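Inspection log for the structure reproduced underneath, given as C-alpha coordinates.
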Amino acid sequence: MHPVVPALVESAPLTVADVLPRAVAAGLVGPDRPVAGFLDTAGVLRAVEGLRAAFSGVPEVLHTFAAKACPLVPVLRLMAAAGMGCEVASPGELRLALAAGFPPGRIVLDSPVKTEAELREALELGVAVNADNLAEVERIARLRRPDCSSVLGLRVNPQVGGGAIAATSTATEHSKFGVALRDAGAAERVADAFARHPWLTRLHVHVGSQGCPLPLIAEGVAAAHRLAAAVDARVGERRVTGLDIGGGLPVNFADDRVTPTHAEYAAALREAEPALLDGRYRLVTEFGRSLLAKNGFLAARVEYVKDAGGRRVALTHAGAQVATRTALLPDAWPLRVSAFGPDGRAKTSAALRQDVAGPLCFAGDVVAHGRELPELAEGDWVVLHDTGAYCFTAPWSYNSLPRPAVHGYRAGDGAGVVFATVREAQPVEEILRENGLDHADALLDGPGGTAG
(Lines give C-alpha, C1' and ligand atoms only; values in the text may rest on other atoms or scores of the structure.)
Protein backbone atom coordinates (compact mmCIF):
# COMPACT_ATOMS: atom_id res chain seq x y z
CA MET A 1 0.00 0.00 0.00
CA HIS A 2 1.36 3.41 -0.96
CA PRO A 3 1.29 6.11 1.72
CA VAL A 4 -1.22 8.89 1.26
CA VAL A 5 0.09 12.44 0.96
CA PRO A 6 -1.78 14.85 3.26
CA ALA A 7 -4.05 17.17 1.32
CA LEU A 8 -2.78 20.74 1.14
CA VAL A 9 -5.05 23.14 3.00
CA GLU A 10 -5.82 26.17 0.83
CA SER A 11 -5.97 28.58 3.78
CA ALA A 12 -3.11 30.95 4.59
CA PRO A 13 0.08 29.18 5.72
CA LEU A 14 0.49 28.76 9.46
CA THR A 15 2.98 31.04 11.17
CA VAL A 16 5.10 30.48 14.27
CA ALA A 17 2.68 32.78 16.11
CA ASP A 18 -0.12 30.37 15.19
CA VAL A 19 1.75 27.24 16.19
CA LEU A 20 3.82 27.98 19.30
CA PRO A 21 0.95 28.89 21.68
CA ARG A 22 -0.80 25.68 20.76
CA ALA A 23 2.39 23.67 21.22
CA VAL A 24 2.77 25.15 24.70
CA ALA A 25 -0.87 24.44 25.53
CA ALA A 26 -0.49 20.85 24.27
CA GLY A 27 2.55 20.29 26.47
CA LEU A 28 4.89 19.65 23.55
CA VAL A 29 7.24 22.20 25.09
CA GLY A 30 7.44 23.29 28.71
CA PRO A 31 9.73 23.38 31.75
CA ASP A 32 10.50 19.65 31.39
CA ARG A 33 10.56 19.76 27.58
CA PRO A 34 12.64 22.88 27.07
CA VAL A 35 13.52 22.52 23.40
CA ALA A 36 11.82 21.01 20.36
CA GLY A 37 11.80 21.25 16.60
CA PHE A 38 8.69 21.83 14.48
CA LEU A 39 8.11 21.12 10.78
CA ASP A 40 5.35 22.53 8.58
CA THR A 41 3.96 19.60 6.58
CA ALA A 42 2.00 21.76 4.15
CA GLY A 43 4.98 24.06 3.66
CA VAL A 44 7.20 21.12 2.73
CA LEU A 45 4.66 19.89 0.19
CA ARG A 46 4.30 23.38 -1.29
CA ALA A 47 8.08 23.51 -1.71
CA VAL A 48 8.03 20.16 -3.52
CA GLU A 49 5.26 21.42 -5.79
CA GLY A 50 7.29 24.54 -6.55
CA LEU A 51 10.33 22.47 -7.47
CA ARG A 52 8.29 20.22 -9.73
CA ALA A 53 6.65 23.22 -11.41
CA ALA A 54 10.05 24.83 -12.07
CA PHE A 55 11.09 21.81 -14.16
CA SER A 56 7.66 21.04 -15.61
CA GLY A 57 8.88 21.49 -19.18
CA VAL A 58 11.70 18.96 -18.82
CA PRO A 59 10.69 15.60 -20.34
CA GLU A 60 12.53 13.39 -17.84
CA VAL A 61 13.66 14.53 -14.40
CA LEU A 62 14.01 12.71 -11.09
CA HIS A 63 13.87 15.08 -8.13
CA THR A 64 15.60 13.51 -5.16
CA PHE A 65 15.57 14.77 -1.60
CA ALA A 66 18.99 15.06 0.06
CA ALA A 67 18.52 12.86 3.13
CA LYS A 68 21.31 14.60 5.02
CA ALA A 69 19.15 17.73 5.25
CA CYS A 70 16.55 15.97 7.41
CA PRO A 71 17.27 12.27 8.01
CA LEU A 72 14.02 11.48 9.81
CA VAL A 73 12.03 8.51 8.54
CA PRO A 74 8.60 10.25 8.71
CA VAL A 75 9.97 13.19 6.71
CA LEU A 76 11.58 10.87 4.18
CA ARG A 77 8.32 8.92 3.89
CA LEU A 78 6.44 12.17 3.26
CA MET A 79 8.89 12.93 0.46
CA ALA A 80 8.50 9.44 -1.00
CA ALA A 81 4.71 9.79 -0.91
CA ALA A 82 5.03 13.13 -2.70
CA GLY A 83 6.84 11.40 -5.57
CA MET A 84 10.40 12.38 -4.71
CA GLY A 85 13.45 10.16 -4.95
CA CYS A 86 16.19 10.23 -2.31
CA GLU A 87 19.88 11.14 -2.40
CA VAL A 88 21.96 9.40 0.27
CA ALA A 89 25.60 9.68 1.27
CA SER A 90 26.19 6.90 3.80
CA PRO A 91 25.08 3.35 4.73
CA GLY A 92 22.89 4.86 7.45
CA GLU A 93 21.14 7.23 5.07
CA LEU A 94 20.62 4.39 2.59
CA ARG A 95 18.93 2.26 5.26
CA LEU A 96 16.78 5.22 6.32
CA ALA A 97 15.69 5.79 2.73
CA LEU A 98 14.77 2.14 2.27
CA ALA A 99 12.89 2.12 5.59
CA ALA A 100 10.99 5.20 4.48
CA GLY A 101 9.74 3.37 1.39
CA PHE A 102 11.86 4.75 -1.45
CA PRO A 103 12.26 2.12 -4.20
CA PRO A 104 15.97 1.37 -4.77
CA GLY A 105 15.69 2.62 -8.34
CA ARG A 106 14.76 6.09 -7.04
CA ILE A 107 17.72 6.31 -4.64
CA VAL A 108 21.09 7.84 -5.57
CA LEU A 109 24.25 7.12 -3.52
CA ASP A 110 26.73 10.00 -3.61
CA SER A 111 29.18 9.44 -0.75
CA PRO A 112 32.72 10.56 -1.65
CA VAL A 113 34.25 7.72 0.39
CA LYS A 114 32.48 4.39 -0.21
CA THR A 115 33.79 1.05 1.00
CA GLU A 116 33.56 -2.06 -1.15
CA ALA A 117 30.80 -3.34 1.14
CA GLU A 118 28.77 -0.15 0.62
CA LEU A 119 29.20 -0.33 -3.14
CA ARG A 120 28.32 -4.01 -3.25
CA GLU A 121 25.11 -3.43 -1.30
CA ALA A 122 24.05 -0.54 -3.54
CA LEU A 123 24.80 -2.48 -6.72
CA GLU A 124 22.91 -5.54 -5.51
CA LEU A 125 19.90 -3.41 -4.59
CA GLY A 126 19.86 -1.51 -7.86
CA VAL A 127 20.56 1.86 -6.24
CA ALA A 128 22.07 4.46 -8.57
CA VAL A 129 25.70 5.24 -7.71
CA ASN A 130 27.81 8.26 -8.58
CA ALA A 131 31.49 7.37 -8.35
CA ASP A 132 33.55 10.15 -6.82
CA ASN A 133 36.73 9.44 -8.77
CA LEU A 134 38.23 7.29 -11.47
CA ALA A 135 39.63 4.76 -9.01
CA GLU A 136 36.11 4.21 -7.74
CA VAL A 137 34.94 3.60 -11.31
CA GLU A 138 37.43 0.75 -11.55
CA ARG A 139 36.29 -0.60 -8.18
CA ILE A 140 32.71 -0.60 -9.43
CA ALA A 141 33.88 -2.43 -12.58
CA ARG A 142 35.23 -5.24 -10.37
CA LEU A 143 32.12 -5.45 -8.19
CA ARG A 144 29.37 -4.95 -10.75
CA ARG A 145 27.50 -8.01 -12.01
CA PRO A 146 26.39 -8.19 -15.66
CA ASP A 147 22.71 -8.06 -14.65
CA CYS A 148 23.16 -5.02 -12.36
CA SER A 149 20.29 -2.54 -12.72
CA SER A 150 22.01 0.42 -11.03
CA VAL A 151 22.42 3.61 -13.04
CA LEU A 152 26.10 4.47 -12.71
CA GLY A 153 27.70 7.86 -13.00
CA LEU A 154 30.88 9.79 -12.28
CA ARG A 155 31.16 13.01 -10.32
CA VAL A 156 33.20 15.77 -11.87
CA ASN A 157 34.42 19.02 -10.38
CA PRO A 158 34.13 21.85 -12.92
CA GLN A 159 36.47 24.00 -10.79
CA VAL A 160 34.42 27.13 -11.42
CA GLY A 161 35.29 28.58 -8.00
CA GLY A 162 33.73 29.06 -4.61
CA GLY A 163 30.98 31.13 -3.12
CA ALA A 164 30.86 33.19 0.05
CA ILE A 165 31.16 30.15 2.35
CA ALA A 166 34.25 28.04 1.70
CA ALA A 167 32.95 24.99 3.57
CA THR A 168 29.90 24.67 1.30
CA SER A 169 31.69 25.41 -1.98
CA THR A 170 32.41 22.11 -3.69
CA ALA A 171 33.72 23.23 -7.09
CA THR A 172 36.92 24.98 -6.00
CA GLU A 173 40.36 24.25 -7.42
CA HIS A 174 41.30 21.88 -4.60
CA SER A 175 37.88 20.49 -3.68
CA LYS A 176 37.84 16.94 -2.34
CA PHE A 177 34.85 16.08 -4.55
CA GLY A 178 34.88 14.58 -8.01
CA VAL A 179 37.37 14.55 -10.87
CA ALA A 180 38.98 17.99 -11.23
CA LEU A 181 38.13 18.79 -14.85
CA ARG A 182 40.56 21.65 -15.41
CA ASP A 183 43.56 19.60 -14.33
CA ALA A 184 45.75 18.59 -17.25
CA GLY A 185 44.35 15.58 -19.09
CA ALA A 186 41.40 15.11 -16.71
CA ALA A 187 38.64 15.51 -19.27
CA GLU A 188 40.35 13.00 -21.55
CA ARG A 189 40.65 10.50 -18.70
CA VAL A 190 36.96 10.88 -17.96
CA ALA A 191 36.09 10.27 -21.61
CA ASP A 192 38.34 7.20 -21.67
CA ALA A 193 36.56 5.78 -18.61
CA PHE A 194 33.20 6.11 -20.39
CA ALA A 195 34.70 4.52 -23.50
CA ARG A 196 35.95 1.50 -21.50
CA HIS A 197 32.77 1.00 -19.48
CA PRO A 198 29.51 1.07 -21.47
CA TRP A 199 27.52 0.87 -18.22
CA LEU A 200 28.84 4.30 -17.18
CA THR A 201 26.06 6.58 -18.43
CA ARG A 202 25.66 9.55 -16.07
CA LEU A 203 27.70 12.63 -15.16
CA HIS A 204 27.27 14.20 -11.74
CA VAL A 205 28.15 17.78 -10.79
CA HIS A 206 27.49 19.87 -7.70
CA VAL A 207 28.94 23.35 -7.25
CA GLY A 208 27.68 24.02 -3.74
CA SER A 209 24.66 25.54 -2.10
CA GLN A 210 24.63 28.18 0.64
CA GLY A 211 26.69 31.19 -0.32
CA CYS A 212 26.92 30.21 -4.00
CA PRO A 213 25.23 32.58 -6.48
CA LEU A 214 23.00 31.11 -9.19
CA PRO A 215 25.28 32.11 -12.13
CA LEU A 216 28.20 30.23 -10.53
CA ILE A 217 26.05 27.14 -9.96
CA ALA A 218 24.71 27.28 -13.50
CA GLU A 219 28.21 27.69 -14.95
CA GLY A 220 29.27 24.44 -13.27
CA VAL A 221 26.24 22.54 -14.58
CA ALA A 222 26.84 23.90 -18.07
CA ALA A 223 30.42 22.60 -17.91
CA ALA A 224 29.09 19.10 -17.21
CA HIS A 225 26.69 19.47 -20.17
CA ARG A 226 29.59 20.35 -22.46
CA LEU A 227 31.60 17.43 -21.11
CA ALA A 228 28.75 15.03 -21.90
CA ALA A 229 28.92 16.05 -25.56
CA ALA A 230 32.70 15.62 -25.55
CA VAL A 231 32.40 12.15 -24.04
CA ASP A 232 29.91 11.09 -26.70
CA ALA A 233 32.22 12.42 -29.41
CA ARG A 234 35.16 10.49 -27.93
CA VAL A 235 33.18 7.25 -27.67
CA GLY A 236 31.67 7.68 -31.12
CA GLU A 237 28.10 7.07 -29.99
CA ARG A 238 25.55 8.24 -27.46
CA ARG A 239 26.95 7.20 -24.08
CA VAL A 240 25.93 9.85 -21.55
CA THR A 241 22.18 9.63 -21.05
CA GLY A 242 21.80 11.47 -17.74
CA LEU A 243 23.06 14.48 -15.84
CA ASP A 244 22.82 14.61 -12.05
CA ILE A 245 22.99 18.35 -11.41
CA GLY A 246 23.02 18.11 -7.62
CA GLY A 247 21.30 20.51 -5.28
CA GLY A 248 22.75 23.93 -4.90
CA LEU A 249 19.94 26.35 -4.16
CA PRO A 250 20.87 28.78 -1.36
CA VAL A 251 18.31 29.82 1.24
CA ASN A 252 17.43 33.33 2.38
CA PHE A 253 17.87 33.42 6.16
CA ALA A 254 17.30 37.18 6.45
CA ASP A 255 13.50 37.22 6.34
CA ASP A 256 10.44 35.17 5.37
CA ARG A 257 10.87 35.54 1.61
CA VAL A 258 11.72 32.42 -0.39
CA THR A 259 14.51 33.63 -2.62
CA PRO A 260 15.98 32.48 -4.87
CA THR A 261 13.18 30.20 -6.05
CA HIS A 262 13.49 26.91 -7.87
CA ALA A 263 12.00 28.64 -10.90
CA GLU A 264 14.79 31.23 -10.81
CA TYR A 265 17.30 28.40 -10.56
CA ALA A 266 15.86 26.71 -13.65
CA ALA A 267 15.96 30.04 -15.50
CA ALA A 268 19.63 30.46 -14.60
CA LEU A 269 20.37 27.01 -16.01
CA ARG A 270 18.64 27.89 -19.28
CA GLU A 271 20.57 31.14 -19.51
CA ALA A 272 23.91 29.38 -18.96
CA GLU A 273 23.12 26.62 -21.47
CA PRO A 274 19.85 26.82 -23.43
CA ALA A 275 20.00 23.10 -24.37
CA LEU A 276 20.44 21.94 -20.79
CA LEU A 277 16.74 21.36 -20.13
CA ASP A 278 15.71 20.27 -23.63
CA GLY A 279 15.29 16.62 -22.72
CA ARG A 280 18.39 15.13 -24.34
CA TYR A 281 19.61 14.11 -20.90
CA ARG A 282 17.55 12.67 -18.09
CA LEU A 283 18.10 15.03 -15.18
CA VAL A 284 18.47 14.29 -11.49
CA THR A 285 18.28 17.00 -8.83
CA GLU A 286 19.30 16.67 -5.17
CA PHE A 287 17.69 19.50 -3.20
CA GLY A 288 17.53 19.48 0.59
CA ARG A 289 17.93 22.78 2.40
CA SER A 290 15.79 24.69 -0.08
CA LEU A 291 12.85 22.34 0.54
CA LEU A 292 13.05 22.15 4.34
CA ALA A 293 14.87 25.08 5.96
CA LYS A 294 12.11 27.67 5.82
CA ASN A 295 9.50 25.09 6.79
CA GLY A 296 10.85 24.45 10.27
CA PHE A 297 11.65 26.24 13.50
CA LEU A 298 13.18 25.55 16.88
CA ALA A 299 11.55 26.61 20.15
CA ALA A 300 13.73 26.81 23.26
CA ARG A 301 12.96 27.87 26.81
CA VAL A 302 14.84 30.70 28.45
CA GLU A 303 16.15 29.14 31.64
CA TYR A 304 18.02 32.14 33.05
CA VAL A 305 18.90 35.71 32.16
CA LYS A 306 21.86 37.70 33.40
CA ASP A 307 24.00 40.72 32.55
CA ALA A 308 27.62 40.56 31.48
CA GLY A 309 29.68 43.58 30.47
CA GLY A 310 26.59 45.71 30.20
CA ARG A 311 24.71 43.31 27.92
CA ARG A 312 21.82 41.03 28.70
CA VAL A 313 22.46 37.33 28.11
CA ALA A 314 19.57 34.89 27.78
CA LEU A 315 20.61 31.32 28.55
CA THR A 316 18.43 28.91 26.59
CA HIS A 317 18.31 25.24 25.65
CA ALA A 318 19.10 25.81 21.95
CA GLY A 319 22.74 26.23 21.11
CA ALA A 320 25.42 24.54 19.08
CA GLN A 321 23.92 21.11 19.69
CA VAL A 322 21.01 22.00 17.37
CA ALA A 323 22.39 24.99 15.41
CA THR A 324 26.01 23.93 15.10
CA ARG A 325 26.97 25.96 12.06
CA THR A 326 25.42 29.13 13.45
CA ALA A 327 27.36 28.86 16.72
CA LEU A 328 30.68 27.99 15.08
CA LEU A 329 30.38 30.30 12.03
CA PRO A 330 27.90 33.01 13.06
CA ASP A 331 28.72 35.38 10.21
CA ALA A 332 28.20 32.69 7.57
CA TRP A 333 25.09 31.10 9.12
CA PRO A 334 23.10 33.79 10.95
CA LEU A 335 19.63 32.81 12.14
CA ARG A 336 16.65 35.02 12.90
CA VAL A 337 15.53 34.87 16.51
CA SER A 338 12.13 35.90 17.90
CA ALA A 339 10.94 36.32 21.49
CA PHE A 340 7.76 34.79 22.90
CA GLY A 341 6.26 34.76 26.37
CA PRO A 342 5.69 31.70 28.60
CA ASP A 343 2.34 31.08 26.89
CA GLY A 344 3.96 31.04 23.45
CA ARG A 345 2.57 34.40 22.36
CA ALA A 346 4.85 36.97 20.77
CA LYS A 347 6.38 39.49 23.15
CA THR A 348 5.78 43.14 22.31
CA SER A 349 7.73 44.88 25.07
CA ALA A 350 10.50 47.39 24.36
CA ALA A 351 13.53 46.02 22.55
CA LEU A 352 16.79 45.40 24.37
CA ARG A 353 20.19 44.46 22.95
CA GLN A 354 20.76 40.86 24.04
CA ASP A 355 22.80 37.74 23.39
CA VAL A 356 20.95 34.44 23.02
CA ALA A 357 23.17 31.63 24.23
CA GLY A 358 22.88 27.87 24.44
CA PRO A 359 23.51 25.23 27.10
CA LEU A 360 26.93 23.92 26.04
CA CYS A 361 30.15 24.34 27.95
CA PHE A 362 32.15 26.47 25.55
CA ALA A 363 32.16 30.22 25.06
CA GLY A 364 31.15 30.14 21.42
CA ASP A 365 27.80 28.53 22.18
CA VAL A 366 25.83 31.63 21.19
CA VAL A 367 23.21 31.65 18.42
CA ALA A 368 22.60 35.41 18.35
CA HIS A 369 24.99 38.20 19.31
CA GLY A 370 23.70 41.62 20.37
CA ARG A 371 20.23 41.24 18.85
CA GLU A 372 17.52 43.81 19.47
CA LEU A 373 14.71 41.73 20.98
CA PRO A 374 11.91 42.30 23.48
CA GLU A 375 13.50 41.85 26.89
CA LEU A 376 13.72 38.15 27.65
CA ALA A 377 12.97 36.69 31.07
CA GLU A 378 13.04 33.30 32.70
CA GLY A 379 10.31 31.07 31.30
CA ASP A 380 10.07 32.88 27.96
CA TRP A 381 10.60 31.13 24.64
CA VAL A 382 12.97 31.97 21.83
CA VAL A 383 12.36 30.73 18.32
CA LEU A 384 15.16 30.06 15.85
CA HIS A 385 13.65 30.44 12.39
CA ASP A 386 14.49 28.59 9.17
CA THR A 387 15.92 25.58 10.99
CA GLY A 388 14.00 22.82 9.20
CA ALA A 389 17.22 21.51 7.61
CA TYR A 390 20.59 20.62 9.12
CA CYS A 391 19.71 21.81 12.63
CA PHE A 392 17.56 19.85 15.07
CA THR A 393 17.55 16.93 12.62
CA ALA A 394 21.35 16.61 12.77
CA PRO A 395 22.22 17.36 16.40
CA TRP A 396 25.75 17.53 17.79
CA SER A 397 26.23 15.33 20.85
CA TYR A 398 28.64 17.67 22.63
CA ASN A 399 28.08 17.51 26.41
CA SER A 400 25.89 14.42 25.81
CA LEU A 401 22.74 16.48 25.60
CA PRO A 402 19.69 14.51 24.45
CA ARG A 403 18.36 14.97 20.94
CA PRO A 404 15.20 17.09 21.03
CA ALA A 405 11.75 15.95 20.02
CA VAL A 406 10.55 16.92 16.56
CA HIS A 407 6.89 17.51 15.75
CA GLY A 408 5.18 18.01 12.44
CA TYR A 409 2.20 20.33 12.22
CA ARG A 410 -0.57 21.24 9.80
CA ALA A 411 -3.75 23.27 9.85
CA GLY A 412 -6.72 21.56 11.45
CA ASP A 413 -10.40 22.37 11.38
CA GLY A 414 -11.19 26.03 11.92
CA ALA A 415 -8.22 27.81 13.47
CA GLY A 416 -6.74 24.65 14.97
CA VAL A 417 -3.32 23.07 14.57
CA VAL A 418 -2.78 19.32 14.34
CA PHE A 419 0.55 17.99 15.63
CA ALA A 420 2.26 14.68 14.86
CA THR A 421 5.36 13.40 16.64
CA VAL A 422 8.17 12.83 14.16
CA ARG A 423 10.84 11.93 16.73
CA GLU A 424 10.57 11.50 20.47
CA ALA A 425 13.02 13.34 22.71
CA GLN A 426 16.01 11.11 23.36
CA PRO A 427 15.92 9.42 26.77
CA VAL A 428 19.03 9.62 28.94
CA GLU A 429 19.17 5.81 29.01
CA GLU A 430 19.86 5.83 25.28
CA ILE A 431 22.73 8.26 25.78
CA LEU A 432 24.21 5.81 28.30
CA ARG A 433 24.02 2.94 25.83
CA GLU A 434 25.52 5.02 23.02
CA ASN A 435 28.45 5.85 25.28
CA GLY A 436 29.48 2.32 26.17
CA LEU A 437 27.38 1.41 29.21
CA ASP A 438 27.30 -2.25 28.11
CA HIS A 439 31.11 -2.25 28.16
CA ALA A 440 31.59 -0.26 31.35
CA ASP A 441 34.35 -2.54 32.69
CA ALA A 442 36.18 -3.00 29.40
CA LEU A 443 39.24 -0.95 30.42
CA LEU A 444 39.63 -2.31 33.93
CA ASP A 445 42.18 -4.97 34.79
CA GLY A 446 40.90 -8.51 34.39
CA PRO A 447 39.56 -10.88 31.75
CA GLY A 448 37.37 -9.76 28.89
CA GLY A 449 39.86 -7.97 26.66
CA THR A 450 40.66 -8.89 23.09
CA ALA A 451 44.12 -10.20 22.40
CA GLY A 452 45.93 -8.59 19.51
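Quick notes on this one:
- Once the Cα atoms are used to define both axes, helix 186-196 deviates from the longest principal axis of the chain by about 60 degrees.
- Summarising the label geometry, the points placed 7 Å from Cα in the beta-carbon direction at ASP32 and LEU143 lie 4.7 nm from one another.
- Each label point was placed 7 Å from the Cα along the Cα-to-Cβ direction; for PHE362 and SER400 their separation is 1.8 nm.
- Its Cα gyration tensor gives segment 164-292 an equivalent ellipsoid, and the semi-axes of that ellipsoid, as √(5λ) in whole Å with the largest first, are 28, 16, 11.
- Within the chain: Cβ-based charge dipole about Cα centre, in debye rounded to nearest 20 (Lys, Arg +1; Asp, Glu -1): 700
- Under 13 Å from LYS294, Cα to Cα: aspartates and glutamates that are on another chain or at least 8 residues apart: ASP40, ASP255, ASP256, ASP386
- Accessible area, probe 1.4 Å, largest first, for residues TRP381, TRP199: TRP199, TRP381
- List LEU283, LEU432, ordered by accessible area with a 1.4 Å probe, largest first: LEU432, LEU283
- Here the simple spin-label model places points 7 Å from the Cα toward Cβ, and for ARG95 and GLU124 these points are separated by 1.5 nm.
- The mean accessible area for residues of the chain, using a 1.4 Å probe and ignoring ligands and nucleic acids, is 45 Å² per residue.
- The heavy atoms of SER175 present about 30 square angstrom of accessible area, all protein chains included, probe 1.4 Å.
- Long-range Cα-Cα pairs in segment 1-139 (distance over 17 Å), rounded percent: 67
- This model, with +1 at the C-beta of Lys and Arg and -1 at the C-beta of Asp and Glu, gives segment 191-244 a dipole about its Cα centre of some 140 debye.
- Here the chain exposes an accessible surface that is 54 percent carbon and sulfur, computed with a 1.4 Å probe and the other protein chains kept in place.
- Principal-axis analysis of the Cα atoms of the chain puts helix 262-272 at an angle of about 30° to the longest axis.
- Estimated FRET transfer efficiency (GLU271, GLU430; beta-carbon r; R0 35 Å; 0.05): 0.10
- Compactness index (Cα Rg / 2.2 N^0.38 Å), segment 275-415: 1.24
- Per residue, the convex hull spanned by the alpha carbons of segment 132-221 comes to 98 Å³.
- For the chain, excluding the exposed loop sites themselves (trypsin sites (Lys or Arg not before Pro), DSSP loop, at most 13 other Cβ atoms within 10 Å), the longest remaining stretch covers 1-175.
- ALA332/ASP232 FRET efficiency (R0 51 Å; Cβ-Cβ; nearest 0.05): 0.80
- By a 1.4 Å probe calculation restricted to protein chains, GLU424 has an accessible surface near 130 Å², given to the nearest 10.
- Where only alpha carbons of the chain are counted, the Rg and the Dmax (Å): 23.7, 72
- Put TYR390, TYR398 in order of accessible area, highest first, and with a 1.4 Å probe you get TYR398, TYR390.
- Computed log10 I(q)/I(0) for segment 65-180 at 0.11, 0.16, 0.19 Å⁻¹: -0.39, -0.78, -1.00, from the Debye equation with unit scatterers placed on every C-alpha and solvent omitted.
The values are calculated or read from the model by the stated rules, or taken from the named source; none is laboratory data. Computed from a predicted structure; not experimentally measured. Virtual Cβ from ideal backbone geometry, glycine too; neighbours counted across all protein chains shown. Just the protein is used for accessible areas: all its heavy atoms, side chains included, with ligands, DNA and RNA removed. Shrake-Rupley method; radii C 1.70, N 1.55, O 1.52, S 1.80 Å.
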